[in-house]
Amino acid sequence: MLFFAAIFVGSATALAQTTNRPDLSRKALITQTTKEEVMGAAALHKVANEYYAWRNENYPVQSSDAGLHTWDDRLTDYSSAKIAERARHVHALLEKVRAIKIDNWPKDERIDAILFRAQLEDVDFQNRVLKFERTNPQVYVGGCVSGIFSLLKKEYDTPRKRAVAATVRLQQMPAMLKQSLSNLQNPVKLYAQLAIQSARSIDPLLNNSLMALDVDLAPNEHDELVKARDAALVALHVYADELEKRLPKMVDFAPMGEANYNYYLKHVLLLPVSGAEVEMIGRAELARYRALEALLPNPKLADPDPARSANIPPDQAAFLKAYESREQEMINFLKEHNLVTLPEYLGAFQIRQLPEAFKPTSPGGFMNPPGVYDKDPTGFYFIPTYNPQSKNFYIRAAIEDPRPILGHEGIPGHFLQLSIANHLSDEIRRQHEDGVFVEGWALYGEEMLMRTGLYPNNSAAQGQILRLSRYRAARIGVDVNLHTGRWSFEQAVKYFVEAGGLDREAAEGEAAGAASSPTQKISYIIGKWQIMNLLGRYKDRQGDKFRLGQFHDDLIKNGSLPVSIIEWILLDDATSIQKVTTAK
């Protein structure tokens, strides 16, 4: 999740001055900048690097997940004193960054200042408004799940060393879960129900996946691992039982409200649109893709049906292998049509089974790209447990034709884009994680592959593309209306079924994910809409020199930045970023 506000009001004039003087190079701008301002820009990068180091140490599970394994034997400290200390630290740093005068900085340095402030605004917003440590038990169950999962997913060290680190983390879990019950002063019933499901689904992760690391352990180390694992499992099940006991007294899902929602859009996501405008875009896109389904010669193709498949995999292993095997033909298509450049450092992209503990809020699975600190370039897509009779949309789609989802999650989607983002030299930009761009690019890629000829007309893949965009558009209505307080959770589920075309299981998981991650569900269609707008303007600017593959390379070489920033970089047009930086 990812900012921006009125403190930078004065920067709008400077932005306009730069964009109206395209003849000035960055070097010339630096020459015109005073020594004090250059020092200010250098100081900003120093402060940012110090902040990333502080964050990495204070959130060790997040660090492990990102490929930094310095603190693999720690869980995040959720004592009330530490929670308050972290919140004060981020807020104080944000106030300092707000006070920096960037009006006359070079364009690239101003961009970095805007981005770093957005990163701080994001964390500060969560501390001030969402307060998940007080309201969301998933924070603590998720810490346990990811605390172990982040040690298992890659072989970054010997099994023994990872097992020893896991043992220490497991030993800390009972105390952390006990502490969380004191922290949860206003737990939300929906969040607690999801946490209960996750806590009761963690057994295979700890009993099976974790124990694969039980290699070369000394007898006492093995005993400690088993003892810690068993104690952690007991603590997690007791925690689930305690949450269930408290459910009747818990509050219903509470929306953040329209004012907070709009604040997040502008000051964190740097989106030049309000929640109401976002919802309108969602309705327009939903109507469009719903109609495009109807215009198919066979509209039933939009609803995946394994019975139409020539080959139904017999088991999980065959399913995963068949899924992964389709990636190469997509890579060949991209190369043959010069649609995007694949860097030499790109690693392998693998398909794996989704751990049970992640199912409540990720019914379709999730992409796990190389972390920003990862030395191993491999990426994974975790998909639900295979069942040829499953009603789950994602399973049915993957049996019939996995390529649309594969293109979203792998190449040219998340895996490619995030791998490139990880190789940026500018640390502030490398660290930025604008979900609207990330998901927008992946969704754009789905339709781009269809429009450029990968999928034939009236095919199952084409039908999937339309249905996937349709239900991503439905996500917008759910997210905006759920978090501004207009809809209940049940209304959100119903909308996914009736407007989005999803089955009940997938709809409930989608609605749960929307409730747990505010604004995440708008990312897909809004990001794609922004990229499509940018594509048209880029094409007009390039004229006869336009090449689609060059646009894609120019777009994703900047990392995971808001499109309002990328417009400024690619088109030298600061209109969108001015709109959010001058917002009151």
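The values are calculated or read from the model by the stated rules, or taken from the named source; none is laboratory data. Small disclaimer: the values here were computed from a predicted structure and weren't measured. Note that we place each Cβ from the backbone using ideal geometry, even for glycine, and neighbour counts take in every protein chain shown.
Evaluate the range 303-322: report whether one residue or more is within 19 Å of R472 (Cα to Cα) and in the same structural domain as F349 (by TED's automatic domain parsing).
Yes; the residues of the range 303-322 include at least one that is within 19 Å of R472 (Cα to Cα) and in the same structural domain as F349 (by TED's automatic domain parsing).
Going by the structure shown, is R326 surrounded by fewer than 21 Cβ atoms within 10 Å (Cβ to Cβ) and closer than 30 Å to E57 by Cα?
no
Here are some conditions: (1) in contact with a helix residue (DSSP H, G or I) (Cβ under 7 Å, 6 or more places away or on another chain); (2) outside the structural domain of P412 (by TED's automatic domain parsing). L548 meets all but one. Which one does it not meet?
(1)
When you go through L225, L236, L177, L170 one by one, which is the residue that is over 23 Å from the mean Cα position of the chain (by Cα), surrounded by 14 or more Cβ atoms within 10 Å (Cβ to Cβ), at pLDDT 95 or above and within 15 Å of R134 (Cα to Cα)?
From the options L225, L236, L177, L170, the qualifying one is L177.
Pick from the range 308-322 the residues that are touching a helix residue (DSSP H, G or I) at 6+ places or on another chain (Cβ under 9 Å) and outside any loop (DSSP other than H, G, I, E, B): which of them is surrounded by the fewest Cβ atoms within 10 Å (Cβ to Cβ)?
Ranking the qualifying residues of the range 308-322, first place goes to R308.
Pull out all pairs, ordered by first then second residue, where Cβ-Cβ is under 8 Å, the residues are six or more apart or on different chains, the first lies in the range 377-399 and is part of a loop (DSSP other than H, G, I, E, B), and the second is among the hydroxyl-bearing types (S, T, Y).
Going by the 8 Å Cβ cut-off, the qualifying pairs are P377/Y345; P377/S419; P384/S390; P384/Y394.
Considering (1) surrounded by 18 or more Cβ atoms within 10 Å (Cβ to Cβ); (2) over 18 Å from L75 (Cβ atoms); (3) not assigned by TED's automatic domain parsing to the domain that holds R98; (4) not hydroxyl-bearing (S, T, Y), say which one V141 fails and leave the rest.
For V141, the exception is condition (2).
If a residue has to be surrounded by fewer than 16 Cβ atoms within 10 Å (Cβ to Cβ) and either among the small types (G, A, S) or modelled with pLDDT of 95 or more (or both) to count, how many in the range 210-221 make the cut?
Residues flagged as surrounded by fewer than 16 Cβ atoms within 10 Å (Cβ to Cβ) and either among the small types (G, A, S) or modelled with pLDDT of 95 or more (or both) within the range 210-221 amount to 5.
Is there a residue being of a type in the set (S, T, Y) and either crowded, with 19+ Cβ neighbours inside 10 Å or in contact with a Pro (Cβ under 7 Å, 6 or more places away or on another chain) (or both) anywhere in the range 271-290?
Within the range 271-290 (the criterion being of a type in the set (S, T, Y) and either crowded, with 19+ Cβ neighbours inside 10 Å or in contact with a Pro (Cβ under 7 Å, 6 or more places away or on another chain) (or both)), the answer is yes, since at least one residue qualifies.
I'd like to check something: does the range 343-355 contain any residue that is in contact with a strand residue (DSSP E or B) (Cβ under 6 Å, 6 or more places away or on another chain), crowded, with 16+ Cβ neighbours inside 10 Å, part of a loop (DSSP other than H, G, I, E, B) and at pLDDT 90 or above?
No, the range 343-355 contains no residue that is in contact with a strand residue (DSSP E or B) (Cβ under 6 Å, 6 or more places away or on another chain), crowded, with 16+ Cβ neighbours inside 10 Å, part of a loop (DSSP other than H, G, I, E, B) and at pLDDT 90 or above.
Please work out if G379 is modelled with pLDDT under 85 and not polar (S, T, N, Q).
So G379 fails the test.
Any idea which of D73, D103 is charged (D, E, K, R) and surrounded by fewer than 17 Cβ atoms within 10 Å (Cβ to Cβ)?
D103
Failed condition for E277, given (1) of a type in the set (D, E, K, R); (2) out of contact with any helix residue (DSSP H, G or I) (no Cβ under 8 Å at 6 or more places or on another chain); (3) outside the structural domain of P518 (by TED's automatic domain parsing), with all others met?
(3)
To keep it simple, each residue is scored yes or no on (1) part of a loop (DSSP other than H, G, I, E, B); (2) surrounded by fewer than 21 Cβ atoms within 10 Å (Cβ to Cβ); (3) at pLDDT below 95.
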{"site": "M448", "(1), (2), (3)": "no, no, no"}
{"site": "G463", "(1), (2), (3)": "no, no, no"}
{"site": "L468", "(1), (2), (3)": "no, no, yes"}
{"site": "V480", "(1), (2), (3)": "no, no, no"}
{"site": "G485", "(1), (2), (3)": "yes, yes, yes"}
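All but one of (1) within 26 Å of the chain's Cα centre (by Cα); (2) in a helix (DSSP H, G or I); (3) surrounded by 20 or more Cβ atoms within 10 Å (Cβ to Cβ) hold for I331; which doesn't?
Every listed condition holds for I331 apart from (3).
Determine the pairs where a residue that is in the same structural domain as S469 (by TED's automatic domain parsing), located within the range 440-457, has a partner that is of a type in the set (D, E, K, R) with Cβ atoms under 7 Å apart, the partner being 6 or more residues away or on another chain.
G440/K528; L443/R472; L443/K528; Y444/K528
Check E95, E155 and return the single one that is out of contact with any Leu (no Cβ under 9 Å at 6 or more places or on another chain), outside the structural domain of Y52 (by TED's automatic domain parsing), surrounded by fewer than 23 Cβ atoms within 10 Å (Cβ to Cβ) and of a type outside the set (S, T, Y).
E155
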